[in-house]
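In what follows, a single structure is set out as structure tokens and then discussed.
The values are calculated or read from the model by the stated rules, or taken from the named source; none is laboratory data. As the structure is a computational prediction, the values presented were derived from the model and not from experiment. Cβ sites come from the backbone with ideal geometry, for glycine too, and all protein chains shown count toward neighbours.
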Amino acid sequence: MKRHPALQDLSREHYDALKLARDGKAAALSGDAAAAAACGAHVARVFENEMEPHFREEESELLPFLAAAGENELVWRTLAEHAELRTLAAALRQPDAATLLRFSELLTAHVRFEERTLFEAAQTHGFGADTALSAAPVPAYAAAMPPAAPAPHR
Ligand SMILES: [Fe+2]
Ligand SMILES: [Fe+2]
């Protein structure tokens, strides 16, 4: 399914995250401790500057929307993985190959889960459908609204 505009920026950042995870895994498995340490320190910085804001955006907009739609299992899995990734990224401030490998593998799995399952569920439930950028069909619940209901303004 084509990504909804409300999710496109997050999807673009996922692409960068997958690239970082690929590099992290390669460095972790290289057998070169210095290279793994350098990459781990880089990952810790990128996490703080780019991924933490990405997580917060998901947690402040997307997850409350999905929780309200009843997708509690998906929400809990996302939060649990965010928590583990945060712990691993904090540990990478003193980087080692094993932590870098675990972080890289979990990040890859997390991004795939969000792209294949979480974002698909968000689109199915009409996430972002009330934004001006929306090209998505009107969500089913909108049909049940009283005809006199005013359109939301942002
Ligand atoms: Fe996430
Ligand atoms: Fe994400």
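At a glance:
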| read-out | value |
| --- | --- |
| Scan of the range 28-44 for residues that are within 19 Å of Tyr15 (Cβ to Cβ) and of a type outside the set (Val, Ile, Thr), ordered by number | Cys39, His42 |
| Helices (runs of 4 or more DSSP H) enclosed by the range 58-121 - at least 3 residues per element that are within 12 Å of ligand 2 (Cβ to nearest atom) and at pLDDT 95 or above | 72-91, 97-113 |
| Residue match in the range 96-109 (condition: surrounded by fewer than 19 Cβ atoms within 10 Å (Cβ to Cβ), under 15 Å from Leu20 (Cα atoms) and of a type in the set (S, T, N, Q)) | yes |
| Selection status of Glu48, over 30 Å from Ala129 (Cβ atoms) and within 12 Å of ligand 1 (Cβ to nearest atom) | no |
| Checklist (1) more than 11 Å from ligand 1 (Cβ to nearest atom); (2) among the basic types (Lys, Arg); (3) over 18 Å from Asp16 (Cα atoms) applied to Arg77, failing item | (1) |
| Any pair with Cβ under 9 angstrom, 6 or more apart, that starts in the range 80-107 at a residue that is within 14 Å of ligand 1 (Cβ to nearest atom) and ends at one that is part of a loop (DSSP other than H, G, I, E, B) and of a type outside the set (Val, Ile, Thr) | Phe103/Leu92 |
| Some residue of the range 53-75 being farther than 16 Å from Ala122 by Cα and loosely packed, with under 14 Cβ neighbours inside 10 Å | yes |
